[in-house]
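Below is one structure, written out as structure tokens, with a few remarks after it.
The values are calculated or read from the model by the stated rules, or taken from the named source; none is laboratory data. Keep in mind the model is a prediction, meaning the values are calculated, not measured. Note that each Cβ is placed from the backbone with ideal geometry, even for glycine, and that neighbours are counted across all protein chains shown.
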Amino acid sequence: MSEQFPVEDPSWDLDPIFEGGVESESFDREVELLNREVDELQQEVAALELPQEQGQLGRWRQFFDRYFQISDRLREAGSFARALASAHTDEAEAMRMPSRLDDVQTAMRQVRVQLESTFRNIDDAQFALFTDDERFGQMTLWLEELRSDAQRAMDRGREMLAAKLNRDGLHAWGRLYSEVSGRLEVEIERDGQMKTYSVGQAKNLMINADRSVRRAAFEGLQHAWKEASPVCASALHAIRGTQRTLYEERGGDCLTDPLEVNRVERSTIEAMFEAAREFKPVLQRYLKAKARLIGVDRLQWYDLRAPVGEEAKEISYSEAQQFIVDQVEEFSPKMASFCRDALARRWVEAEDRPCKRQGGYCTSFPVSGQIRIFMTFGGTSSGVSTLAHELGHGYHGMVMKKLPASERQMPMGLAETASTLVEALVEQAALRQAGGQRRLALLDQRLERATAFLINIPARFQLEKKMHELRAEGRLHEELLSDVTRQVFERAYGDPVAGVDELFWASKLHFFITGLPFYNFPYTFGYLFSRAVYQRALDDETFRDGLDDLLADTGRMRCEPLAQKYLDADLGSVEFWKEAAGALEEDVQRFEKSVEASL
């Protein structure tokens, strides 16, 4: 393992987790052991009865210790399997790694079902035995959510059956999509020759300065996704159908579970999206100015990320690492030390090559106390931002790694706090150091992200809601999905954009994530909430010193009490969200002036 910084090798080192990759004997042994131990755990939970007095809590404490220990080990194995599948989509054995955990994950879900069944009719006095005992003090929120989930759940028999069926039904459709999309090859004409790219590489070409290259990349992607669209539509039809059935049987709607998983109130999301809608005219001015700058009447979809101004020379991976660490150092030496260590220990897979899945993520390994970051670094400032963002996720995870397992389960919206903050630090530093056309380019990138979070993400939210409505009426097929996608995105972007991506429903992995439905609104939440945290940290050094406390509490508190505690903010107020995005007007004005000066 390298300990030098910055590192030249853009590939990650997974051997400290399980040595040997797809042939790892230690992984094989762990899977076998997990299957056996979860079977034992099922027998233990079946024998547990609700306590009638304090003296009966010892057995429950022993059970929860074992439950969370196994949960951590399962997360460790699952993250390893996902990492191999993400980085080696051309290797059949690597792609099969996640499915090797299907049985044990299903069994663990059944343990949860049995817990919920036991807690379903717990009375207040019995529940207080847990919450009043110091041995369970750190589990209060987790226990409250267990009780709440139990009251919404179907009866035990049906929940157990659903867990079994989802293994080879709901989640199998999601895995099918991952396999199909991971192996997708994109043919693009470059320099008079047809070349083959992965989806991630093709997407990097969508930010090329040459419009013909962007258009060719877009058309290549459209052709590839068009070929895959019948399978994608079948998967989406099955996923939405299963979800709708479960929601109805549990007495909720399509947003009940996503809101609870994200520990956020419906009124908060409504206020947030209302604020986003109010900034739509401001961002449309930015899009119109960008169209003028690149010399078109209206933007095409492949123009949305077109670089303008003066793009920096190709940035090496080493330069990107050094720049990020240098900027973070000024804000938090502790955070910078983590970033430097993670990069030096090759915890990042950033290689720009075919046969990798699209997108990027950060995943934690709770047993070894490590993290890993997956992305495709293409040598652009956008890639620098992505790397900074994922390192922020990693720091957040490291802040929480010593907490009890019941306090490490943070909602996705709050999980974006440190990541977006680190991204903002790097962005601000780049803007300070730039001038003229380079500053214009960076300002464009900032507004591009704002457009994604305040226009594109709300559109995805509306599209996913529409999928549920259409699924209730009949079959989801590729023509219907493309048609409704066009309608939603045309309405969202409005006049400045002439053509949208009708196959966005197929190409966006988030719609096919079966474990976390509505993988969209938390991004807007995280973007705006982190802006509020970032501004407070800049204005108040005392607040900055206590930032780790806020990050740790993201696993202990729901969103609204957390915001009240650290920001004295009401998340149900449209004004809070508007203030968080308030600087956009100034940014757009600066962009418009720079555009006029450039023409």
## Note on the structure
Considering the stretch 380-412, residues that are assigned to a helix (DSSP H, G or I) and β-branched (V, I, T), and then whichever is nearest to V325 (Cα to Cα), we arrive at V384
### Message
Between K356, K313, which is crowded, with 21+ Cβ neighbours inside 10 Å and basic (K, R)?
### Response
K356
#### Entry: Long-range neighbours under 6 Å by Cβ, at least six apart or interchain, first residue more than 18 Å from S26 (Cα to Cα) within the stretch 94-109, second modelled with pLDDT of 95 or more and β-branched (V, I, T)
A107/V38; M108/V38
### Query
Pick from A224, A217, A163: which is under 23 Å from E314 (Cα atoms) and assigned to a helix (DSSP H, G or I)?
A217
### Query
Among the listed residues D553, D549, D539, D570, which satisfies the condition of being surrounded by fewer than 21 Cβ atoms within 10 Å (Cβ to Cβ) and more than 26 Å from S332 (Cα to Cα)?
D570
#### Entry: Looking only at the stretch 193-220, and only at residues there that are surrounded by 15 or more Cβ atoms within 10 Å (Cβ to Cβ), among the β-branched types (V, I, T) and in contact (Cβ under 8 Å) with a residue 24 or more places away in the chain, the one that is nearest to S381 (Cα to Cα)
I207
### Message
Among (1) surrounded by fewer than 18 Cβ atoms within 10 Å (Cβ to Cβ); (2) within 30 Å of D495 (Cα to Cα); (3) in contact with a strand residue (DSSP E or B) (Cβ under 7 Å, 6 or more places away or on another chain), there is one condition E278 misses while meeting the rest; what is its number?
### Response
(3)
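This table checks each residue for (1) of a type outside the set (A, V, I, L, M, F, W, C); (2) over 20 Å from E592 (Cα atoms); (3) surrounded by fewer than 20 Cβ atoms within 10 Å (Cβ to Cβ).
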position	(1), (2), (3)
Q462	yes, yes, yes
K465	yes, yes, yes
E473	yes, yes, yes
L476	no, yes, no
L480	no, yes, yes
R486	yes, yes, yes
G494	yes, no, yes
### Query
Going through the stretch 442-478 one residue at a time, which ones are of a type in the set (A, V, I, L, M, F, W, C) and either within 16 Å of R277 (Cα to Cα) or touching a Pro at 6+ places or on another chain (Cβ under 6 Å) (or both)?
L447, A450, A452, F453, L454, I455, I457, A459, F461, L463
### Message
If I ask for residues that are buried (at least 22 other Cβ atoms within 10 Å of the Cβ), of a type outside the set (G, A, S) and in contact with a strand residue (DSSP E or B) (Cβ under 8 Å, 6 or more places away or on another chain), which ones from the stretch 371-407 would you list?
### Response
I371, R372, I373, M375, L387, E390, L391, H393
### Query
Wholly within the stretch 456-556, which helices (runs of 4 or more DSSP H) include no fewer than the required count, namely at least 3 residues that are among the hydroxyl-bearing types (S, T, Y) and farther than 23 Å from G182 by Cβ?
521-539
### Message
I'd like to verify a number: residues in the stretch 181-201 that are over 20 Å from the mean Cα position of the chain (by Cα) and within 22 Å of A81 (Cβ to Cβ), how many?
### Response
3
### Query
Has the stretch 503-520 got at least one residue that is surrounded by fewer than 16 Cβ atoms within 10 Å (Cβ to Cβ) and farther than 24 Å from L259 by Cβ?
no
#### Entry: Of all residues making up the stretch 274-328, the number that are among the aliphatic types (A, V, I, L, M), in a helix (DSSP H, G or I) and touching a Gly at 6+ places or on another chain (Cβ under 8 Å)
1
### Message
Contact list please: Cβ distance under 7 Å, first residue in the stretch 2-18 and farther than 16 Å from A81 by Cβ and part of a loop (DSSP other than H, G, I, E, B), second residue modelled with pLDDT under 90 and not hydroxyl-bearing (S, T, Y), pairs at least six apart or on different chains.
### Response
D13/M1
### Query
Does at least one position in the stretch 241-248 carry a residue that is touching a Lys or Arg at 6+ places or on another chain (Cβ under 8 Å) and under 30 Å from L476 (Cα atoms)?
yes
### Message
Which residue is nearest to K593 (Cα to Cα), if the candidates are limited to the stretch 283-322 and must be of a type in the set (D, E) and within 28 Å of the chain's Cα centre (by Cα)?
### Response
E311
### Message
So for the stretch 41-59 (the condition being on the phi > 0 side of the Ramachandran plot and free of Cβ contacts under 8 Å to residues at least 12 places away in the same chain), does at least one residue qualify?
### Response
no
## Note on the structure
The condition from (1) part of a loop (DSSP other than H, G, I, E, B); (2) of a type in the set (A, V, I, L, M, F, W, C); (3) out of contact with any His (no Cβ under 9 Å at 6 or more places or on another chain) that L343 misses is numbered (1)
### Summary
So, first residue free of Cβ contacts under 8 Å to residues at least 40 places away in the same chain in the stretch 61-76, second residue part of a helix (DSSP H, G or I) and of a type outside the set (S, T, Y), Cβ within less than 6 Å, six or more apart or across chains; the pairs are F63/E44; I70/E37
### Message
So if I check each of R340, R305, R353, which one is at pLDDT 95 or above and among the basic types (K, R)?
### Response
R340
### Query
Restricting attention to the stretch 170-214, which residues are closer than 21 Å to D352 by Cβ, in a helix (DSSP H, G or I) and hydrophobic (A, V, I, L, M, F, W, C)?
V199, A202, L205, V213
### Task
Evaluate the following for Q105: is it surrounded by 18 or more Cβ atoms within 10 Å (Cβ to Cβ), within 24 Å of E249 (Cβ to Cβ) and out of contact with any helix residue (DSSP H, G or I) (no Cβ under 6 Å at 6 or more places or on another chain)?
yes
### Query
If you check Y527, Y493, which single one turns out to be modelled with pLDDT under 95, in contact with a helix residue (DSSP H, G or I) (Cβ under 7 Å, 6 or more places away or on another chain) and within 20 Å of L454 (Cα to Cα)?
Y527
